[in-house]
Amino acid sequence: QLQVQDVSALRSRGIGVAVFRDNDFTPINDWYGIKPAFVMSFKDLFDIIDEDILAQLKEVSDNGQVPYLTLEFWQMQAKEPEQAEIEKEKFIQRYGEAAYQLLIDDIDKADILAGIRDGAYDAMISEYARTIAALGDPVLVRPFHEFNLQWYPWSAGPGREDVFVDAWNRVYAIF
C-alpha cells in the first residue's frame, strides 16, 4: 500500500496524484495533505466549451496543477430533458441543423465511432482542440475512456475494434 508523505517525492519519480471533480475544474490545494498534480473532470464533446470552463481550466493551471479532461461522446442522450433542449439550441446555433440531424442519426444507429471515423465531427473536435491549445497551458485530454466497457456509445466492442482504432487515430490527429 502506498502511503504518501511528500508529493514532491512522487513527482520526482514521475508519479502524479489526480483528483476527480464532478463537472467542474476547480483547484484543490489540500487532498489528504497533498496538493494534487492533476485535477480531472468529465466534459462532453457535444457541450460547447464556454468562458466558464476556460476560466476553470486556467484557474487550475494558475494553481500549479494540470487539468485532466476526460472527453466523452454522449451525444446529448444522457442529459435531463430541459438541459438537452438548451444544449440542442446551442448546438444548432453553433454548428447548424444539418450537423444536429447527423448527430441524431448517429444516436439512432448508436454509431458515434463511425461518425468520428468518417469525419462527421471534425469541426467540433477541432474547435475543442483549438480552444484548449489557446490556453497556452498543458491540459491532459483523455478521449474514449473505458472503451472496453460495452455500455458506452464509444465502446470498441467485439467486431468494432477497427472502427474504434480509426476513430481514436482521427481524434489524436486533430489534437
Kindly indicate whether any position in the stretch 154-163 is surrounded by 12 or more Cβ atoms within 10 Å (Cβ to Cβ), more than 18 Å from the chain's Cα centre (by Cα) and part of a helix (DSSP H, G or I). yes
Reported set for the stretch 124-145 where residues are hydrophobic (A, V, I, L, M, F, W, C), in a helix (DSSP H, G or I) and surrounded by 13 or more Cβ atoms within 10 Å (Cβ to Cβ) is Met124, Ile125, Ala129, Ile132
Looking only at the stretch 33-61, which residues are part of a helix (DSSP H, G or I) and in contact (Cβ under 8 Å) with a residue 60 or more places away in the chain? Leu54, Leu57, Lys58, Ser61
Go through (1) modelled with pLDDT of 85 or more; (2) under 15 Å from Arg170 (Cα atoms); (3) not charged (D, E, K, R) for Ile112 and report which single condition fails. (1)
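Just give me the residues in the stretch 164-175 being open to solvent by 40 Å² or more (accessible area, probe 1.4 Å) and under 16 Å from the mean Cα position of the chain (by Cα), in sequence order.
Restricting attention to the stretch 164-175, the residues satisfying the condition of being open to solvent by 40 Å² or more (accessible area, probe 1.4 Å) are 165-166, 168-170, 172-175.
Across the stretch 164-175, the qualifying residues are Trp168, Asn169, Arg170, Tyr172, Ala173, Ile174, Phe175.
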If Glu59 satisfies every condition in (1) buried (at least 17 other Cβ atoms within 10 Å of the Cβ); (2) at pLDDT 80 or above; (3) acidic (Asp, Glu) but one, which is the exception? (1)
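The values are calculated or read from the model by the stated rules, or taken from the named source; none is laboratory data. Quick caveat, the model's predicted, so the values are computed rather than measured. Backbone-built Cβ (ideal geometry, glycine too); neighbour counts: all protein chains shown. Ligands, DNA and RNA are stripped out before the accessible areas are found, and what is left, the full protein with its side chains, is counted by its heavy atoms. Shrake-Rupley method; radii C 1.70, N 1.55, O 1.52, S 1.80 Å.
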